[in-house]
């Protein structure tokens, strides 16, 4: 199966539900939390957006041939979406985080490097961007990558089963989802192919919750983060659109 064939097997319903899960975290979960708890400090909110997204994909995507599994990196926990029917796995990440990851010098591989290093090892990006990343950008030997892969999936996906990995990459503006794509990356995190999900950005949470599962940010400073969150409260009280919640950069 090539990259375009992999992307073509992703159903429109799955695409819409993924977008709605992220929209719900931004436009429902966050304002409800601020309205209910009125926290004096909001230092943990940027991380909580990711937690709400993970909760939403478990509640609204899992079922039938879609499975959501959890993996742990130190004290951090992540989610992987598995499409058993089409042999595709997914992770969700901000576009800014992916850009940062491409520039990082790491002692250990990031989970995304390990996953694409195994599942997408046969994909080669049309434009290898050698001047930007350099030959062998990944920087880790195959044994290290495979050992890390095994620690992530713990036997859930055998690397010989023909699975490929897709990265769901999104970005926000003024607290709203602005751009979202599904990317296939090669082992050096260079883009091989993509599809846009922007046509589903307008949220329709009623469709997301209509069928029960199983049935047919970056922070540049603490001051900037807190200022944005206070603006969300003020705008929420006047039924306005919340502002951007930057996501803290972190290594996972």
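The values are calculated or read from the model by the stated rules, or taken from the named source; none is laboratory data. This one's a predicted model, so the numbers in the text were calculated from it and none came from an experiment. No Cβ is skipped: glycine too gets one built from the backbone with ideal geometry, and neighbour counts run over all protein chains shown.
Here are a few things to note about the model shown:
- Filtered residues of the stretch 24-38 (kept if surrounded by 13 or more Cβ atoms within 10 Å (Cβ to Cβ) and farther than 25 Å from residue 61 by Cβ): 34
- The stretch 144-163, subset assigned to a loop (DSSP other than H, G, I, E, B) and under 23 Å from residue 98 (Cβ atoms), residue modelled with the lowest pLDDT: 159
- Qualifying residue in the stretch 97-104 (condition: over 15 Å from residue 167 (Cβ atoms), modelled with pLDDT under 95 and either surrounded by fewer than 19 Cβ atoms within 10 Å (Cβ to Cβ) or out of contact with any helix residue (DSSP H, G or I) (no Cβ under 9 Å at 6 or more places or on another chain) (or both)): yes
- For the stretch 74-89, residues that are closer than 12 Å to residue 54 by Cα and buried (at least 16 other Cβ atoms within 10 Å of the Cβ) total 4.
- Evaluation of residue 114 against (1) in a helix (DSSP H, G or I); (2) modelled with pLDDT of 95 or more; (3) within 25 Å of residue 15 (Cβ to Cβ); (4) in contact with a helix residue (DSSP H, G or I) (Cβ under 8 Å, 6 or more places away or on another chain) (one fails), failing number: (3)
- Test: residue in the stretch 121-143 that is buried (at least 18 other Cβ atoms within 10 Å of the Cβ) and at pLDDT 95 or above: no
- Residue list for the stretch 30-55, filter: modelled with pLDDT under 80 and in a helix (DSSP H, G or I): 30, 31, 33, 34, 45, 46, 47
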